[in-house]
Amino acid sequence: MTAEPATFDGRIRDGDALLIVDVQHDFLPGGALGVRDGDAVIPVLAACLRRWRARGLPVLASRDWHPPDHCSFADRGGPWPRHGVAGTHGAAFHPGLGLPDDVPVVSKGTRRDHEAYSAFDGTPLNAWLRAAGVRRIVIGGLTTDYCVRQTVADAIAGGYQVVVLEDAVRAVDVRPGDGARALAEMRGRGAHVVHSEALT
């Protein structure tokens, strides 16, 4: 099932949720898996969060919350350095987001032998969105080419309309251009990719 294409006029309305993906210390410059310019997403998402809260619209956040021996880690044959280990400073959200304590947080990658890039994978995210009457998800965070990309794919497959904030995402770019290719793929699936300044 895919979401019906719809024109996005920039207006935020009832039924819109903001999803902040993995803005954790380990993915920011200087972190265990730091993304170049990853900290540039923080003020953009913080401003969006304040706007959503002022309008009484739902805000949710996802995080990597791995066991110390997670299958994605290089010492277990995975592609990544140790990152997002549950309970560590590296797994904490950056305080610059201003994330309120009552924002629902979904933890992914919690099983040692299961990789989970998508915020929908093994989490209650879909149930929370349905219960809140969400029809469209506005997404920003880290990283464009992995967790944002897969979350967008699962959201669209689940029937949600999706808006990706291009100034609130950054890519790992293991291969140069991965981030740009991921944005093109998301557009191809039916997501609207816009600058946050387009939101009204």
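Along the Cα→Cβ direction, 7 angstrom out, place labels at ARG50 and ARG111. What is the inter-label distance in nm? Going from the ARG50 label point to the ARG111 one covers 4.1 nm.
Rounded to the nearest 0.05, what FRET efficiency do ALA40 and ARG189 have when you use their Cβ-Cβ distance and R0 = 30 Å? Approximately 0.75, to the nearest 0.05. Backbone geometry of region 158-169 corresponds, through the Karplus equation with coefficients 6.51, -1.76 and 1.60 at θ = phi - 60°, to 3J(HN,Hα) couplings of x, x, 8, 7, 9, 10, 9, 8, 5, 8, 10, 9 Hz, x marking Gly and Pro. In a fully extended conformation the segment linking ASP167 and ASP101 would gain 21.3 nm over its present Cα-Cα distance, using 0.36 nm per residue. Among PHE93, PHE120, PHE73, the residue with the largest mean-square fluctuation in a Gaussian network model of the chain, with springs joining Cα atoms closer than 10 Å, is PHE73.
In order along region 28-37, the Karplus-derived 3J(HN,Hα) couplings, from 6.51 cos²θ - 1.76 cosθ + 1.60 at θ = phi - 60°, round to 9, x, x, x, 4, 9, x, 9, 4, 6 Hz, and Gly and Pro are given as x.
With a simple spin-label model that places each label point 7 Å from the Cα along the Cα-to-Cβ direction, the separation between GLU197 and THR7 comes to 2.3 nm.
Ellipticity at 222 nm from helices only: DSSP H runs of n ≥ 4 in the chain, each -39500 (n - 2.57), divided by the residue count, give -6500 deg cm²/dmol. Listed by Cβ neighbour count within 10 Å, with the fewest neighbours leading, CYS71, CYS147 appear as CYS71, CYS147. The distance between label points at ALA157 and ARG175 comes to 2.1 nm (points 7 Å beyond Cα on the Cα→Cβ vector). The radius of gyration of the Cα set in the chain, together with its Dmax, comes out at 15.6, 47 angstrom. Of all the options ARG76, ARG187, ARG149, the one that moves most in a Gaussian network model of the chain with Cα springs shorter than 10 angstrom is ARG76.
For the peptides 34-44, 56-66, 121-131, the ranking by mean Cβ contacts within 10 Å, running from highest to lowest, is 56-66, 34-44, 121-131.
Relative to the longest principal axis of the Cα atoms of the chain, helix 178-189 runs at roughly 40 degrees.
Readers should treat all values here as calculations from the given coordinates under stated rules, not as data from a laboratory. Values in this document were obtained by computation on a predicted structure and should not be read as measured data. A quick note on method: Cβ atoms are made from the backbone with ideal geometry, for glycine too, and the neighbour counts reach across all protein chains shown.
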